[in-house]
Structures are given as structure tokens and as C-alpha cells.
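Below you'll find the structure, written out as C-alpha cells, and then a few comments.
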Amino acid sequence: MKNTKIGIVGGLGHIGLIQGACLAELGYLTVAYDYNVKKVEEILQGKLPFFEPGLEETVNKTVKNGRLRFTANVKDLEETDLIFICVGTPSLPSGEADTSQVYAAVEEIARNRENHCLAVVKSTVPVGTNRKLTEFLKDNGLSERVTMVSNPEFLREGSGVNDFWNPSRIIVGAQSKEHAEKVAGLYSPPGVPVIITSWENAELIKHAANAFLASKISFINEIAALCEKVGGDIRVVSRGIGLDPRINPYFLEAGVGFSGPCLEKDLKSLISQFQKVGEKAKLLESALEINERQRNAVVHKLQEQLGTLKGRRIGILGMAFKAETDDVRDSHSLPIIRKLLALGAALTVHDPWIQSFQQAGLDEGEFPEVRWVTSPYKAAEGQDALLILTAWPEYRNLDLQRLREALVYPLIVDGRNMFDPQEMQALNIKYLGVGI
Ligand code: UGA
């Protein structure tokens with residue numbers, strides 16, 4: 001058993017639960033605290049709040065061997081000496097990140113303990129936050145109890161457990177080397193680079209990494225738009241540029257754009273951090289604009305083919321923001337669905353892991369004229385077109401002939417470039433991908 005006792009705040013969120021379960025698997029006694037009593041009760045009965053490959057097994061194992069414990073009582077963190085803050089930092093209407101949950105978490109920890117601990121910020125926070133939190137603790141006479149450390153997270157949803165065990169790098173921002181090494185020493189597999197630096201650098205690294213990934217996707221989507229005009233094929237172009245090791249093949253898949261709870265939020269937050277210091281983030285603003293255009297483009301393609309969308313029936317494949325997750329938060333599917341509804345279309349939706357808006361944590365009333373079905377073929381049945389929004393692997397094996405027969409008009413708009421246009425053509429399906 002390892003000596004450091006770990007606490008997690010936001011213990012039932014995506015980052016918190018993966019972090020807590022994997023640290024417990026490593027041998028640390030871990031207490032995962034979440035203020036959401038219902039979620040804590042549910043996990044105590046074995047129900048995880050979301051799906052993540054490999055997570056359930058790790059949680060079950062570590063709960064059983066007593067290393068992982070869940071609680072809705074912050075007092076249970078009193079005995080822990082290193083607490084990860086894994087709460088949300090959602091976008092405010094201005095694009096700025098709302099850090100109120102991070103402040104509340106740090107204050108709650110500090111007010112509920114006598115002995116000292118490290119509060120390690122995993123949440124993505126604007127540059128300067130750890131310094132301001134330190135001042136906040138000082139102003140409130142709490143600095144003896146809590147020292148801030150920044151340790152940004154790079155896990156991806158859908159491969160979070162695997163990413164935990166195979167990190168590309170460990171970044172720790174702290175004021176003291178001793179504290180930084182304590183955090184870095186928790187888990188740094190051999191050969192994985194560790195950067196120990198200032199709070200500010202650590203905070204910037206996280207934002208810059210997500211903004212770069214988002215910009216890379218927008219870059220390829222911009223080239224895809226040109227491909228459509230001049231008869232290019234973005235899949236070949238993307239492969240051709242990705243083979244250059246200075247570019248690499250990752251995040252070069254053109255499509256309906258990036259979405260989910262992180263990339264867009266962090267890009268907006270970084271843009272607002274530029275604004276705060278009187279600068280304009282031209283490249284990043286363009287990346288955001290291009291992403292918006294990608295969402296509109298699939299709607300335009302439907303309009304071009306069907307004329308008006310009023311009264312048209314459109315089948316949609318995929319609600320989650322990407323495959324291998326049941327997360328719909330900030331998914332591109334939502335604004336696209338809203339737009340299609342506003343244009344008068346009636347929608348039939350399929351997603352392998354989501355069966356209703358309610359299950360996705362959304363208000364059913366906000367989405368009238370949407371019918372959920374349990375098979376992709378049912379989503380095509382009697383529809384005027386099919387729109388693919390999430391690249392679920394099972395969609396790749398669909399019987400295209402059957403899809404064609406189910407559709408009234410053989411039209412497929414594919415926001416994920418999942419199929420071979422020639423195969424579609426041979427089946428007499430009008431197939432419109434992105435940049436092909
Ligand atoms: C992202 C980062 O990749 C993680 O490193 C980071 O830790 C995480 O945000 C976070 O800040 O918490 P995530 O949002 O889970 O992870 O998912 P990604 O795999 O990055 O995908 C984001 C979006 O980009 C998805 O909508 C995906 O479909 C889209 N995408 C990705 C593309 O459109 N094209 C690509 O080539 C790759």
C-alpha cells in the first residue's frame with residue numbers, strides 16, 4: 001500500500017472517477033467525494049454515472065479491495081494529504097471559464113480540515129487561477145491548510161482509463177519543487193517526460209494543447225471545404241500530409257467539427273484570456289468560426305438536395321459527441337438538431353448508447369418532433385434523408401442496400417466520412433461526405 005492518502009473532489013465526474021479508480025488500482029487509499037448525494041448512492045449500489053471503457057472493472061475491483069471509497073461528506077477528506085480538484089469549469093456566455101466550482105471546492109476543503117494538504121487542480125482553469133486561489137486562501141487565513149498545485153489532465157473520453165496508464169507527459173505546476181515532485185511521483189511510468197514548472201506554464205500548456213488540437217481539426221476542415229469545390233478527396237490529402245512526422249496523422253479527420261465538453265469550451269476560454277489582456281486571438285477565433293461552419297454545412301447539404309426542410313423527415317445516426325462515450329454534453333448533434341427542427345424537419349434519432357433526451361440529461365420538451373429508435377435501419381425507415389453525426393464503429397458495418405431500401409430518397413449526408421463514395425454510387429445512393 002502506498003503512503004499518500006488521496007482525496008478527489010468531483011469524484012463522480014469523468015476525470016474524477018477515472019483518476020480516483022486508477023490511483024486506487026495503483027495502491028493508494030483513495031476517497032472520492034462528490035456533493036451529488038444521488039450519484040454517490042447510486043455508485044454505492046454499483047451503478048456508474050457514465051460509461052467509460054474499462055472503468056467499471058477498475059471501480060469494482062478497487063471498491064472490493066477497500067482502496068476506493070465514495071462519500072458525499074467532505075469531512076471524509078480530512079485524513080487525506082493530497083486532494084485532486086476535478087470539478088467542472090463550464091463556459092460563461094462571454095466564453096470565459098466559470099471557475100466558481102474550483103473556488104468552492106478549495107474553500108470547502110480548507111474549512112473542513114486542520115492539517116495541511118496539497119490541492120491539486122486537474123480542472124482546466126484560466127492562467128493565473130492557482131495564483132489567485134493562493135491569494136484567496138491567504139486572505140481568508142486558510143493558507144496553512146492548503147497549498148495549490150496545478151496538474152492538468154490530458155485524458156480523452158472514451159479512452160480515459162487507457163490514457164491514465166499511458167500518459168504522453170506529466171505536467172506539474174507548483175511553487176515548491178518538493179510539492180511538485182510529490183504529485184509527479186504519484187504516477188510517472190518510466191520513459192514518460194515530466195515537466196515541473198510554474199502554475200502559469202502548467203495552466204497555459206493545458207489550454208494551448210486543447211486549442212492546438214481544435215485548430216488542427218479546423219485546419220483540415222478548411223482544406224476539406226476546398227476539396228469539395230475543386231474535386232479533391234480530403235481523406236487522401238489528410239493521409240498525404242499526416243505522413244510528415246512534423247505534422248503526424250492525428251486529429252486530421254475532416255468532418256462535422258469538434259465538440260464535447262472540452263475542446264470548444266477551452267478554445268473559447270483561451271480566446272477570452274487573450275481579450276482580458278487586450279489582445280486578439282485571430283487564429284483561435286478562426287478555428288471556432290470554421291467549426292461553426294462545419295455544423296451549418298451538413299444542414300446546407302440537406303437543403304440543397306431536398307429544397308425546403310419543412311415537413312421533411314430526416315433520420316439521424318449518432319447523438320454522442322464522439323464514439324465510445326455516452327456523453328452528449330455540448331455535442332455538435334444538439335445545435336444541428338435544433339437547427340433542423342427550426343427549419344421544420346421531423347427527426348428520427350438513433351444512438352447505440354443513448355435512447356432518449358432524458359437519458360442524455362436534456363429536457364425532452366426542448367426537442368419536439370424527435371422520435372428515438374433502437375436500430376439504425378429504423379432511423380432510415382420512411383425518411384427523406386439520413387444524416388450521420390457520430391462515427392460509431394457499428395455504423396461501418398451497416399447493410400447499405402437495406403438502408404437504401406428503407407429510405408424514401410436514397411440520400412445520405414455523412415458528417416463523419418464513414419463510407420466509400422464509390423460503393424454508395426454503385427448502390428445509387430446520393431452520398432455527401434465532408435471534403436470528398
Ligand atoms: C480532449 C483532448 O483530446 C484531451 O487531451 C483532453 O484531456 C480533454 O479534451 C479535456 O480537456 O478534458 P475529448 O474532448 O475527450 O478530449 O475528445 P477528443 O478525442 O479530443 O475529441 C474532441 C472532438 O474532436 C470530438 O467531437 C471528435 O469527434 C472531434 N475530432 C477529433 C474530429 O473532428 N477530428 C479528429 O481528427 C479528431
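So here's what we get for this one:
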read-out	value
Every residue from region 87-114 that is among the acidic types (Asp, Glu), more than 13 Å from residue 273 (Cα to Cα) and touching a residue at least 60 places away in the same chain (Cβ under 8 Å)	108
Residue tally, condition touching a helix residue (DSSP H, G or I) at 6+ places or on another chain (Cβ under 8 Å) and either free of Cβ contacts under 8 Å to residues at least 60 places away in the same chain or of a type in the set (Lys, Arg) (or both), over region 421-436	8
Region 386-436, residues that are small (Gly, Ala, Ser) and either out of contact with any Lys or Arg (no Cβ under 6 Å at 6 or more places or on another chain) or not assigned by TED's automatic domain parsing to the domain that holds residue 234 (or both)	406, 415, 426, 433, 435
Residues that are away from the ligand (no atom under 16 Å from the Cβ) and either farther than 27 Å from residue 273 by Cα or surrounded by fewer than 16 Cβ atoms within 10 Å (Cβ to Cβ) (or both), drawn from region 156-178	175, 176, 177, 178
Condition broken by residue 135, with the remaining ones in (1) surrounded by fewer than 16 Cβ atoms within 10 Å (Cβ to Cβ); (2) more than 29 Å from residue 274 (Cα to Cα) satisfied	(2)
Pair list, Cβ < 6 Å and 6+ apart or interchain, from region 194-218 residues that are outside the structural domain of residue 174 (by TED's automatic domain parsing) and within 16 Å of the ligand (Cβ to nearest atom) to residues that are at pLDDT 95 or above and among the hydroxyl-bearing types (Ser, Thr, Tyr)	202/150; 203/150; 206/124
Residue 317 being buried (at least 24 other Cβ atoms within 10 Å of the Cβ) and not basic (Lys, Arg)	yes
Failed condition for residue 298, given (1) more than 16 Å from the ligand (Cβ to nearest atom); (2) part of a helix (DSSP H, G or I); (3) closer than 23 Å to residue 258 by Cβ	(1)
Members of region 383-406 found to be of a type outside the set (Ser, Thr, Tyr) and under 19 Å from residue 337 (Cβ atoms), listed by number	383, 384, 385, 386, 387, 388, 389, 391, 392
Check on residue 134, part of a helix (DSSP H, G or I), within 16 Å of residue 5 (Cα to Cα) and among the hydroxyl-bearing types (Ser, Thr, Tyr)	no
Helices (runs of 4 or more DSSP H) fully within region 1-120 counting 3 or more residues that are within 24 Å of residue 161 (Cα to Cα) and aliphatic (A, V, I, L, M)	14-26, 37-44, 55-64
Candidate set: region 251-293, residues that are closer than 22 Å to residue 204 by Cα and near the ligand (Cβ under 7 Å from one of its atoms); chosen: the one surrounded by the fewest Cβ atoms within 10 Å (Cβ to Cβ)	251
Hits in region 118-145 (condition: under 29 Å from the mean Cα position of the chain (by Cα) and not polar (S, T, N, Q))	118, 119, 120, 121, 122, 125, 126, 127, 128, 131, 132, 133
Spans of helices (runs of 4 or more DSSP H) in region 160-275 with at least 3 residues within 30 Å of residue 334 (Cβ to Cβ)	160-165, 199-230, 234-242
Residue count for region 226-238, restricted to those that are over 25 Å from the mean Cα position of the chain (by Cα) and either within 12 Å of the ligand (Cβ to nearest atom) or not acidic (Asp, Glu) (or both)	8
Within region 363-420, tally of residues that are in a helix (DSSP H, G or I), in contact (Cβ under 8 Å) with a residue 40 or more places away in the chain and crowded, with 21+ Cβ neighbours inside 10 Å	3
In region 41-55, residue modelled with the lowest pLDDT [restricted to those that are of a type in the set (Asp, Glu) and under 21 Å from residue 261 (Cβ atoms)]	52
Test: residue in region 315-332 that is part of a helix (DSSP H, G or I) and basic (Lys, Arg)	no
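Let's see how each residue does on (1) touching a Cys at 6+ places or on another chain (Cβ under 9 Å); (2) away from the ligand (no atom under 16 Å from the Cβ); (3) not assigned by TED's automatic domain parsing to the domain that holds residue 410; (4) not basic (Lys, Arg):
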position: 305; (1), (2), (3), (4): no, yes, no, yes
position: 310; (1), (2), (3), (4): no, yes, no, no
position: 313; (1), (2), (3), (4): no, yes, no, no
position: 320; (1), (2), (3), (4): no, no, no, yes
position: 333; (1), (2), (3), (4): no, no, no, yes
position: 342; (1), (2), (3), (4): no, yes, no, yes
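The values are calculated or read from the model by the stated rules, or taken from the named source; none is laboratory data. In this text the structure is predicted, and so the values were computed from the model without any measurement. Because the Cβ atoms are built from the backbone with ideal geometry, glycine has one as well, and the counts that use them run over all protein chains shown.
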